[in-house]
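The values are calculated or read from the model by the stated rules, or taken from the named source; none is laboratory data. Only a predicted model underlies this, so the values are computations on that prediction, with no experimental measurement involved. Backbone-built Cβ (ideal geometry, glycine too); neighbour counts: all protein chains shown. For the accessible areas, the whole protein counts, side chains as well, though only heavy atoms, and no ligand, DNA or RNA atoms are used. Shrake-Rupley method; radii C 1.70, N 1.55, O 1.52, S 1.80 Å.
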Amino acid sequence: MRRGRGLAVTAWVLGPLGLVLLLGSLMYARSAYTTATVRSGSMTPTYTVGERLFVERVGGERIRRGDVVLFSAPERYGSAGSVIQRVIGVGGDRVACCGGEGADERITVNGKPLEEPYLQDGVVDETHRQYDPYDVTVPEGRLFLLGDHRLNARDSRYFLDDHGGTVPVGAVQGRVVDHRAVPIALAVTGMLGVPVALAGVGFGIAAFVVRRRSRAVPPAPPWAVQQV
């Protein structure tokens with residue numbers, strides 16, 4: 001067996017494996033996730049201004065009630081770009097404001113009161129209940145969106161003359177994820193790829209050195225071997 005062959009085989013295994021771990025994780029992370037920075041207080045207290053969020057790239061057709069989504073609506077928000085709001089109704093839902101009063105006030109979805117423990121100060125929609133109540137049937141392929149800070153959110157309630165304030169599912173860029181296990185696992189996998197690839201390089205160098213030394217020192221001739 002050629003000297004250094006084992007080292008060379010190890011190098012050929014670890015080097016490509018490390019690159020696959022590193023580049024594969026980076027490419028998948030870039031295709032499956034993005035990040036967004038909260039730029040307004042409309043989602044307080046769930047998310048605060050300046051907070052950096054992980055966003056899973058999913059199509060609007062996979063969005064469900066209660067999801068917090070990143071979407072683009074330049075015709076409404078101009079240069080503000082992408083916006084983060086919560087999905088209250090999907091295609092076919094009837095969203096109405098409001099049932100009950102005071103602490104019992106609730107938005108209703110398909111006639112059922114919506115429990116919203118995430119609201120800022122528990123305020124559901126006092127202003128619109130008193131002065132501009134709404135009753136919207138969400139068209140298919142669209143979403144009705146509200147901020148969690150109802151007194152500080154310019155959301156679907158303020159665009160009711162445009163498809164009931166809804167936005168098309170095609171405007172959705174992704175869903176905010178609070179569990180960071182997958183992004184963290186991808187980062188760890190990518191970082192693991194670096195030492196694995198470097199180990200492969202190290203074994204490759206060692207194999208080269210061993211082979212070079214074996215060629216530089218010729219074997220002793222038979223007549224020079226001491227007889228016992």
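Among the residues of segment 97-113, the one identified as surrounded by fewer than 18 Cβ atoms within 10 Å (Cβ to Cβ) and under 26 Å from GLY170 (Cβ atoms) is ASN110. Condition first: out of contact with any strand residue (DSSP E or B) (no Cβ under 8 Å at 6 or more places or on another chain), modelled with pLDDT of 90 or more and open to solvent by less than 50 Å² (accessible area, probe 1.4 Å). Can you find one or more residues in segment 54-74 that meet it? No, segment 54-74 contains no residue that is out of contact with any strand residue (DSSP E or B) (no Cβ under 8 Å at 6 or more places or on another chain), modelled with pLDDT of 90 or more and open to solvent by less than 50 Å² (accessible area, probe 1.4 Å). Scan segment 80-102 and give yes if some residue there is under 27 Å from VAL177 (Cβ atoms), part of a helix (DSSP H, G or I) and touching a residue at least 40 places away in the same chain (Cβ under 8 Å), otherwise no. Yes, some residue in segment 80-102 is under 27 Å from VAL177 (Cβ atoms), part of a helix (DSSP H, G or I) and touching a residue at least 40 places away in the same chain (Cβ under 8 Å). Hey, any hits in segment 164-178 for a residue that's more than 24 Å from THR48 (Cα to Cα), assigned to a strand (DSSP E or B) and either touching a Cys at 6+ places or on another chain (Cβ under 8 Å) or at pLDDT 90 or above (or both)? Looking through segment 164-178, at least one residue is more than 24 Å from THR48 (Cα to Cα), assigned to a strand (DSSP E or B) and either touching a Cys at 6+ places or on another chain (Cβ under 8 Å) or at pLDDT 90 or above (or both). Look at segment 34-48: where a residue is under 21 Å from GLY59 (Cα atoms) and a partner is part of a loop (DSSP other than H, G, I, E, B) and of a type in the set (Lys, Arg), sitting 6+ places away or on another chain with Cβ atoms under 8 Å, you get THR34/ARG57.
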